[in-house]
Amino acid sequence: MINELERFYHEASFKGKGPLSVAVQLTEVVRNLSLPLDTSDFFTARGGQVKGLSGPNLKKILKNYGIDRVLSSEGGRTSRGSIDNMEVYFDFLNSLHERGISIDWNEVSDFWAQKVRMYFDASPFSISVDSAQSIRSILQNLLQQALDRQRQLAGSRYQGAMMQHLIGAKLEIVLFPDSVIHNSVSTNDKEYGRTGDFDVGDVSIHVTTRPGEALLEKCRQNLKANRKPLIITLESGVNMAAQLANELDIVERVEIVDFVQFIVANIHERSSFTSDARFAQLERLIENYNRIVDEYENDPSLRIEIAQGR
């Protein structure tokens, strides 16, 4: 049963406060009902909201699990996505019933309570959008936060994950979103037939905090396959990548750019060099990034929270 719940949690991306609010409350609503469930029975009279959802109700349920923090003041009642979340959740519960899988409702409730605890424990990265700050300094601050957290957790790759998904978010803005294929930072390129972190046109894009010999060998293989390798790395890695490329005699055939500059230039260009549009572009980038993290990563602490300071 836990395996089924975990699979649903990841595949349906029930990681945000909205889906979690719906799952926690509706589990209590339906636990004494017979399956299959009919979603039409759970609409309010006007049909625009889901019955049984409210801030006080959610708070009461979570308090029974020793959780005193507020997940959602409205409990998902006024969220336009709550109906979709209800339908997805009920489809999952009905599928368990159809497959003859017995549902232990206490186990289900405990599962969602634990996911809420994980949500609260996973504090996102934070930036202040202040017109006095340069985009460069904002991005450097984010990278430093990721590095600081990475140093506290051995084996973690927060900085690399942040860089990869910010580049993916940027590519979505530049290109059609459907033309950009995203993956978890832990995904192996070869396993999924990729030539880089992103394959766009004839370009193989490699995003890395520290370029090494293995990466430059990938670039050489890209060239053999008539693809153009592009390395996006930290400022400290630009010269390192160039030296390694020189040793392989491919330095004049590989593009090597600084990660921060790559994003900063694009934000300025797309905002036509105006202040309001510039920060709107940054906010759009972060919004795309958070959606990608929600869909492809299991760690919600990779999200970025924007504090308005303009």
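Residue count for the stretch 245-296 satisfying the condition of being open to solvent by less than 80 Å² (accessible area, probe 1.4 Å), touching a helix residue (DSSP H, G or I) at 6+ places or on another chain (Cβ under 7 Å) and of a type outside the set (G, A, S): 21.
Each residue in the stretch 1-35 was checked for being in a loop (DSSP other than H, G, I, E, B) and either out of contact with any Ser or Thr (no Cβ under 9 Å at 6 or more places or on another chain) or within 25 Å of R291 (Cβ to Cβ) (or both), and 9 pass. Within the set D130, D91, the sole residue that is surrounded by fewer than 19 Cβ atoms within 10 Å (Cβ to Cβ) and at pLDDT 95 or above turns out to be D91. Restricting attention to the stretch 133-148 and to residues that are open to solvent by less than 50 Å² (accessible area, probe 1.4 Å) and touching a residue at least 24 places away in the same chain (Cβ under 8 Å), the residue that is farthest from the chain's Cα centre (by Cα) turns out to be I135. Is it the case that R99 is at negative phi and modelled with pLDDT under 90? Against the criterion (at negative phi and modelled with pLDDT under 90), R99 does not qualify.
Screening H182 with (1) surrounded by 15 or more Cβ atoms within 10 Å (Cβ to Cβ); (2) not in a loop (DSSP other than H, G, I, E, B) gives one miss only, at (2). Listed by first and then second residue, the pairs linking a residue in the stretch 205-222 that is under 14 Å from N246 (Cα atoms) to a residue that is in a helix (DSSP H, G or I) and at pLDDT below 95, with Cβ atoms under 9 Å apart and 6 or more places separating them unless they lie on different chains, form an empty list. Among the residues making up the stretch 283-309, a single one is touching a strand residue (DSSP E or B) at 6+ places or on another chain (Cβ under 6 Å) and part of a loop (DSSP other than H, G, I, E, B): G309.
The values are calculated or read from the model by the stated rules, or taken from the named source; none is laboratory data. This one's a predicted model, so the numbers in the text were calculated from it and none came from an experiment. Reconstructed Cβ throughout: ideal geometry from the backbone, glycine too, with neighbour counts over all protein chains shown. For accessibility, only protein heavy atoms count, side chains too; no ligands or nucleic acids. Shrake-Rupley method; radii C 1.70, N 1.55, O 1.52, S 1.80 Å.
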